[in-house]
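Engineer: The structure follows.
Every number in this text was worked out from the coordinates using simple rules, so none of it is lab data. Note that the structure is a prediction, hence the values are computed from the model and not measured. Please note: Cβ atoms are built from the backbone with ideal geometry, for glycine as well, and neighbour counts cover all protein chains shown.
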Amino acid sequence: MSYQFHFHDLLPYADQFAHGVWLTIQLSVAATIAGFVLGTLSAIARTGRSAVLRRTAGIYVDVIRNTPLLVQLFIIYFGIATLGLRVPANVAATIALVINIGAYVCEIMRAGIEAVPKAQVEAAECLGLSPAQTYWHVILQPAVERVYPALVSQFVLLMLASSITSQISAEELTAVANRIQSDTFLSFETYIVVGALYLALSFLMRWVLLGIGFLSFRRQRKLGTPL
């Protein structure tokens, strides 16, 4: 049994592939930034003194981490429409990705915050630092540095998970691939190209995020150690 590849027949669709890649990058960047903020705030709530905030953040994390992203996506996209408010598919996709990644970031950041030695916090208080200064310089920044590799891996997984948003017609890379293969009937070639593009995006995103971490953490630069 022999099969002849026809990758050259996909060349006319290069612009559509590029459009899908660009939208995937946009979704990933927006969800990464907003999801990190949401997850960090949730982690602060989970490790704080308020029982109400701890319980609320805990419920959010448990619900999101124990339900499929696809179900969350459908609830947001179709649920909002049921309430009479229609939002574009790309907006609904971004909201779903932010809510989903926020729960995972919360647990990662919570581990980092809880790993900060209490003696370090007490020393900051003895030096006269304000609560805000103590939390920012002594707790939050070291916590992010400790868990940064785990955050990078989670954000790369988020980018790959963005392919699910094709189910609500968000025009990211997988949605573009589905349309192209239905037009050309070159399913094998189309998804090989898409797989290669996702692989390239994964490496690119990882390198960029690790580079940002290396530039952000002065101790890493001084020691010259990898994250």
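Engineer: List the relative contact order of segment 47-133 as a percent without decimals, with contacts defined as Cα pairs under 8 Å and 6+ residues apart.
Structural biologist: Over segment 47-133, the number comes to 32 percent.
Engineer: Here's another thing I want to ask about it. About the Cα centre of the chain, what is the dipole size in debye to 20, counting +1 per Lys and Arg Cβ and -1 per Asp and Glu Cβ, all else neutral?
Structural biologist: Numbers: 15 positive and 12 negative charges, 198 e Å.
Here the chain has a charge dipole of around 940 debye.
Engineer: Show me 181-189, 48-56 ranked by packing, highest mean number of other Cβ atoms within 10 Å first. Intermediate results must be reported in sequence, preceding the final value.
Structural biologist: Values: 181-189: 14.1, 48-56: 11.3.
Those peptides, ordered most packed to least, come out 181-189, 48-56.
Engineer: Once you put a point 7 Å from the Cα of TRP207 and another 7 Å from the Cα of HIS19, both along the Cβ direction, what distance in nm separates them?
Structural biologist: 2.8 nm
Engineer: Viscosity 0.692 mPa s, temperature 37 °C: give me the Stokes-Einstein translational D for segment 159-209 in µm²/s, with Rh taken as the Kirkwood radius over C-alpha pairs.
Structural biologist: Working: Rh = 11.5 Å.
My calculation gives 285 µm²/s for D.
Engineer: For Cα pairs less than 8 Å apart in space and 6+ apart in sequence, what is the mean separation divided by the residue count of segment 12-223, i.e. the relative contact order in percent? Each step should come with its number before you reach the end.
Structural biologist: On the way: 213 pairs, mean separation 58.8, N = 212.
With pairs under 8 Å counted, the relative contact order is 28 percent.
Engineer: On to the next question. For segment 115-227, what is the Kirkwood estimate of the hydrodynamic radius, computed as the reciprocal of the mean inverse distance between distinct Cα atoms, to one decimal in Å? Mind showing how you got there, number by number?
Structural biologist: Details: mean 1/r = 0.0577 Å⁻¹.
The answer is 17.3 Å.
Engineer: For volume of the Cα convex hull per residue in Å³, the listed values are [x] 123; [y] 170; [z] 150; which was obtained by calculation from the structure presented?
Structural biologist: Only one option fits the structure, namely [y].
Engineer: Just to be sure I follow: if Rg is taken over the C-alpha atoms of segment 54-137 and Rh is the Kirkwood radius over the same atoms, what is Rg/Rh?
Structural biologist: Numbers: Rg = 18.6 Å, Rh = 15.5 Å.
Dividing the radius of gyration by the Kirkwood radius yields 1.20.
Engineer: So which helices of the chain fit the span-like rule, where a helix is a whole DSSP H run, its Cα atoms reach 30 Å or more along the axis, and its mean Kyte-Doolittle is at least 0.5? Present the calculation step by step, with values, prior to reporting the outcome.
Structural biologist: Numbers: long enough: 14-46 (46 Å, 1.08); 89-114 (38 Å, 1.26); 187-216 (43 Å, 1.54).
Once both thresholds are applied, what remains is 14-46, 89-114, 187-216.
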